[in-house]
Amino acid sequence: MIAAGHHDPFVINGKRLSSRFFLGTGRFPSPAVLQMALDASGAEVITFAVRRVNLESVEDDSILQHMADRELTFLPNTSGANNADEAVRIARLARAAGLGNWIKVEISANPRTLLPDPIETLRATEQLVKDDFVVLPYTSDDPILCKRLEEAGASAVMPGGAPIGSGLGILNPYNIGLIVEDAKVPIIVDAGIGSAVDVVRAMELGADGILVNTPVAKANDPVAMARAMRLAVEAGRTAYQAGRIPQRKYASASSEAEGIPAPLYAASHEGSQ
């Protein structure tokens, strides 16, 4: 019941979602594989680079034409923008083309690492919030910056676990934990995920959701990986809510000492010292 969302609502800017798994649409072998992976993922929110979409004829776009009969929330992103002004212009073009008012701010400062530019990302978020967009900025795993983005009006904040497409997983779980602990908006881990184990780890740290693209699209079997990650999101979220046991340096017997003959208990106790 928890995994299904009945007692664990996931809400972004007043919109209730039943899936905590967001899926990117790039790099899939074919539109057919993307369709099957989307079915397997259960995702309700998809993201795509605005620069890859034919804004003059959205209904005939090679990606979006296959989504017409689905109830999806579009999250166009500003990938390719070098500064806040470019990101704002891209967002406005997307909205004018009928893609909605949700926008993922993505401004990379370095073409080799594709790490987000913190200053320009914050500037773009401030401007787009004033322009009535639902802003989900992709950012680094800096707790202070994530808080500043929330204060600027971001509807959710999307810290990266590792550089985009690297598959390195959650490089700094401590920071992700701090971000989650201090957040009053949903935290969606975006970028760097490699496999289902990374998804579980992020969700057990308290992330509200996951966004992936490359690890599904470039898997040997994208459909199977989409299914695996959907299950990992559910398992990780449920485990987070259940509450894990504390980590200990030494063993702790699952059976109590009561009822064990004294000499036997003493011998086993001495052996554990």
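The values are calculated or read from the model by the stated rules, or taken from the named source; none is laboratory data. If you're wondering where the values come from, they're calculated on a predicted model, not measured in any experiment. Quick reminder, even Gly has a Cβ in these numbers, built from the backbone with ideal geometry, and neighbours come from all protein chains shown. For accessibility, only protein heavy atoms count, side chains too; no ligands or nucleic acids. Shrake-Rupley method; radii C 1.70, N 1.55, O 1.52, S 1.80 Å.
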Reported set for the range 95-109 where residues are open to solvent by 20 Å² or more (accessible area, probe 1.4 Å) and in a strand (DSSP E or B) is TRP102, SER108
Please count how many residues of the range 121-157 are of a type outside the set (Gly, Ala, Ser), open to solvent by less than 30 Å² (accessible area, probe 1.4 Å) and closer than 19 Å to GLU86 by Cβ. 10
Of all residues in the range 124-163, which are among the aliphatic types (A, V, I, L, M), closer than 17 Å to ALA207 by Cβ and outside any helix (DSSP H, G or I)? LEU136, ALA154, ALA156, VAL157, MET158, ALA162
Can you tell which of ALA219, ALA202, ALA183 is buried (at least 19 other Cβ atoms within 10 Å of the Cβ) and closer than 22 Å to THR25 by Cβ? ALA202
Of the residues in the range 196-245, those that are in a loop (DSSP other than H, G, I, E, B) and over 13 Å from the mean Cα position of the chain (by Cα) come to LYS218, ALA219, ASN220, ASP221, GLY243, ARG244, ILE245
Of all residues in the range 25-52 being in a loop (DSSP other than H, G, I, E, B) and either under 19 Å from the mean Cα position of the chain (by Cα) or modelled with pLDDT of 95 or more (or both), the one that is surrounded by the fewest Cβ atoms within 10 Å (Cβ to Cβ): ARG27
Taking the stated definitions as given, is PHE22 in a loop (DSSP other than H, G, I, E, B), of a type in the set (A, V, I, L, M, F, W, C), open to solvent by less than 70 Å² (accessible area, probe 1.4 Å) and modelled with pLDDT of 90 or more? no
List every residue pair whose Cβ atoms sit under 6 Å apart, with the two residues 6 or more apart in sequence or on different chains, where the first one lies in the range 108-131 and is free of Cβ contacts under 8 Å to residues at least 60 places away in the same chain and the second, anywhere, is open to solvent by less than 60 Å² (accessible area, probe 1.4 Å) and acidic (Asp, Glu). ALA109/ASP117
State all residues of the range 131-151 that are among the basic types (Lys, Arg) and touching an Asp or Glu at 6+ places or on another chain (Cβ under 7 Å); if no residue qualifies, say none. LYS147
Which numbered condition ILE170 fails, given (1) in contact with a Lys or Arg (Cβ under 8 Å, 6 or more places away or on another chain); (2) at pLDDT 95 or above: (2)
So which residues in the range 136-150 are among the charged types (D, E, K, R) and farther than 17 Å from GLU120 by Cβ, if there are any at all? ASP141, LYS147, GLU150
Condition check for LEU171: part of a loop (DSSP other than H, G, I, E, B) and surrounded by fewer than 22 Cβ atoms within 10 Å (Cβ to Cβ): yes
